[in-house]
Amino acid sequence: MTDQLETAQPPQMASQAVFVASAPIPENAILIQGYDFNQGVDYEKLMASLFTTGFQATSLGEAIQITNDMIKWRLSDEPIDENENEVYRDPETRSKTRCKIFLGYTSNLVSAGIRDIIRYLVQHRMVDVVVSSAGGIEEDFIKCLGPTYIGAFSLPGAELRKKGLNRIGNLLVPNDNYCAFEDWVMPVLDQMLKEQKEAGTIWTPSKMIKRLGKVIDNPQSIYYWAYKNDIPVYCPALTDGSLGDMIYFHSFKNPGLIVDIAADIRAVNNEAVHAKKTGMIILGGGVIKHHICNANLMVRFEYTNVGYFYSRIHVK
């Protein structure tokens, strides 16, 4: 019996199940291959290698490729449409007409050190339109008034509160920073109200952010550079945070300030409507993602998105 078992062939069913022949692989199939550090550190090649690394790195590599396409694109790359405006038929104009890049990010990125990368992009005019949440606006100004520190995710909020500390993930923000923010922003709101009453100024969230960026006068600020470079910053939920608290308290001390969101929705939508091509870089989700996507829904989509694959936009 033992000899029979030793000489017997494997069951045909098992062999067929395990040794399934592979279908032909297309000649243009991309091979998985990581970066070889024996060639030294070449950042351009390192970034390019992410696409062939696999798993999440491939998605990041794809995002980098799409972003590079946004940066390189010029209207001169496209054939002239028969209905094209005369201005955009000029070769020089076409060669200078770029893709309009929308950058959206959530507040946690500004609370963290990513703020400095965003500031660099705005400082060097590498994006054209910015959309953020309320925290993404106020945290930038608050950081100009006081530092944020590394803490731990496990620190108990109730105990921190007794010490006048606020936890954002593993970041710690002293409550004194928010007090300093109130002292700084209240005179700005007073001046805005004065201009509203005396000059009929209609304030919108984007105009308010531009004014705050002017007043902060700090090159560490994202919105200082947005003001300097005339890059519009939209925040449809401007009151959803500490800035909203300040507006609330201001309404008792000096009531009457009006912020018009209707003008901003027209403005942000027109950013897309009047562009020849647009690209979206969306870091996070929620209102900032919806606001940018809705504007581009009027005409077209391009995308870079760090969301889950089933929520990723891939329309061109």
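The values are calculated or read from the model by the stated rules, or taken from the named source; none is laboratory data. Since we're looking at a predicted model, the values are computed, not measured. Ideal geometry is used to build each Cβ from the backbone, glycine not excepted, and the neighbour counts take in all protein chains shown.
Matching residues to (1) surrounded by 14 or more Cβ atoms within 10 Å (Cβ to Cβ); (2) more than 23 Å from the chain's Cα centre (by Cα):
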residue: Ile168; (1), (2): yes, no
residue: Val173; (1), (2): yes, no
residue: Tyr178; (1), (2): yes, yes
residue: Leu189; (1), (2): yes, yes
residue: Ala199; (1), (2): no, yes
residue: Pro232; (1), (2): yes, no
| message | Please go through (1) in contact (Cβ under 8 Å) with a residue 60 or more places away in the chain; (2) over 25 Å from Ile117 (Cβ atoms) for Gly157 and return the number of the only condition it doesn't satisfy. | response | (1)
| message | Return the residues of segment 36-52 that are surrounded by 12 or more Cβ atoms within 10 Å (Cβ to Cβ) and aliphatic (A, V, I, L, M); say none if nothing qualifies. | response | Leu46, Met47, Ala48, Leu50
| task | Check Gln65, Gln33 and return the single one that is surrounded by 10 or more Cβ atoms within 10 Å (Cβ to Cβ) and either in the same structural domain as Ile288 (by TED's automatic domain parsing) or assigned to a loop (DSSP other than H, G, I, E, B) (or both). | result | Gln33
| query | Taking strands (runs of 3 or more DSSP E) that do not extend beyond segment 100-205, which have at least 1 residues that are small (Gly, Ala, Ser) and in contact with a Lys or Arg (Cβ under 8 Å, 6 or more places away or on another chain)? | reply | 100-105
| Would you say Lys96 is of a type in the set (D, E, K, R), farther than 30 Å from Val268 by Cβ and touching a helix residue (DSSP H, G or I) at 6+ places or on another chain (Cβ under 9 Å)? | no
| task | Could you tell me whether Gln191 is in the same structural domain as Leu121 (by TED's automatic domain parsing) and over 22 Å from Val131 (Cα atoms)? | result | yes
